[in-house]
Every structure is written in structure tokens, then in C-alpha cells.
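Here's the structure we're looking at; comments come further down.
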Amino acid sequence: MRKKLEMAVVIAALVVGGVACGSETSSKEGSAASGSGIAVAEKDEQETGGEKQEEIADSSVKEENSEKNDLEQEPEQDSPESEEKKVTLYYSNANADGFDTEEVTIPELTPAALVKKLSEKSSALTNVSVLSFSESQSADAKVIDLDLSVEFSNGLKNQGSAGEYITMGSLCNTFLSAYECDKIRVTVEGQILETGHAEYPGYMVKFN
């Protein structure tokens, strides 16, 4: 009986030891598995992070290349062309009894440019300045109002009646042609133009 009891105690001890050993082994295996799982997760996270960094880098390179391509593909803008204008210039013929015409080119259509070009043909327009210029539409015609400096009236006064007619006609015809208007009024310093030979109070059409 005593031997049986001793054997039972030994068996129980073995059983308890086996259970404890098994538990410890299981715990170690679980810890190892858990550690392995964490390591795998960290590795996956590192790989994912690396892939994201590579994607960001690739994206930056693509954007940079795209910007370069856009810059390369942008056409070069041409410099603005000069607004040169061809106009018909009226001036005295050789006999000073009528008009000759010449097509000339000016850098830009302005009253000052026309007066300057006319001054090459008529001394009466030398040093003449344009004080004001306007175009308007009246009831029956498109008209010009041109105000010049006193040098213009002084130049006309130094000419005879025939010379004054040609100079005035050259000015009026050139402006009416260039601006495609029907009538023009010329004043000096804002006042009615008077030369001693004639007065020019109103609007004038083209001279013949």
C-alpha cells in the first residue's frame, strides 16, 4: 500500500512537471512567434515606407520633367511688330498750282508724324507742333478738329495767296486721306486761323 502511494506521488510530480514544462515551452514558442510576427510587421512597414519614399521621389522627378517639357514646348513669343502705316502725302506740284501725291511710310499714324512728314515738303510747316487733335461723327460726316501752334499761321503769312492755298490744301488733304474723314477744321492756339489772305472759320473738304 505504501509503495502504491509513493508511486502515485511520483507520477503526480511527473505530471505536474510535464505540464509546467509544456506551459513554459508553449509560452516561449508564443513569445517567439509573437516576436517573429512583430519583426515581420516591422519589416513590412519598412518596405512599405521605402516604397512610398520611392513613389514620392518618382513623382517629384516626373513633375520636374513635365515642367521642363512644358517650358521647352512653349513657343517663343515674337516681338511686337512695328505699327508702320502707309499714307498718301499731298504737296505742291512743280508749278505751284496744284497737288502731287506720294505714298510714304510713317512709324505710326499720328498727327505729329503727318505734320513732320509734310514739313519735308513745305517750309511753312517747319517747327509746327500739334496742340490737339480729335475725330468725331457729325450728323452728315466724319470730321477732324486740328489745333496747331502759331508757327503754322506765321508760315502761311509769309507766303502769297497761291502758296497759302497749296500749303493749306496739302495739310487738309493729307489728314483727310490718312484718317479717312470727310471734313477738317484747322485752328491755331485754339483760335480761328487768319492769315491776312483768308480766314478759315469752319470745316473744309478736300482741296482740288
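Values quoted throughout were computed directly from the atomic coordinates according to the rules given, and no laboratory measurement underlies them. None of the values given here were measured: they were computed from a predicted structure. Glycine gets a Cβ as well: all are built from the backbone with ideal geometry, and neighbour counts include every protein chain shown.
List of remarks:
- The number of Lys pairs in region 85-200 with C-alpha atoms less than 22 Å apart, excluding pairs fewer than 8 positions apart on the same chain, is 16.
- Amide H contacts for THR187 (H built 1.01 Å from N in the peptide plane; partners 5 or more residues away or on another chain; cut-off under 5 Å): LEU146, ASP147, LEU148.
- Spread of Cα-to-Cα distances over 5 Å intervals beginning at zero, given as percent, for region 85-200: 2, 12, 23, 26, 22, 11, 4, 0
- Here the spin labels are modelled as points 7 Å beyond Cα on the Cα-Cβ line, and at SER132 and GLU180 they lie 2.6 nm apart.
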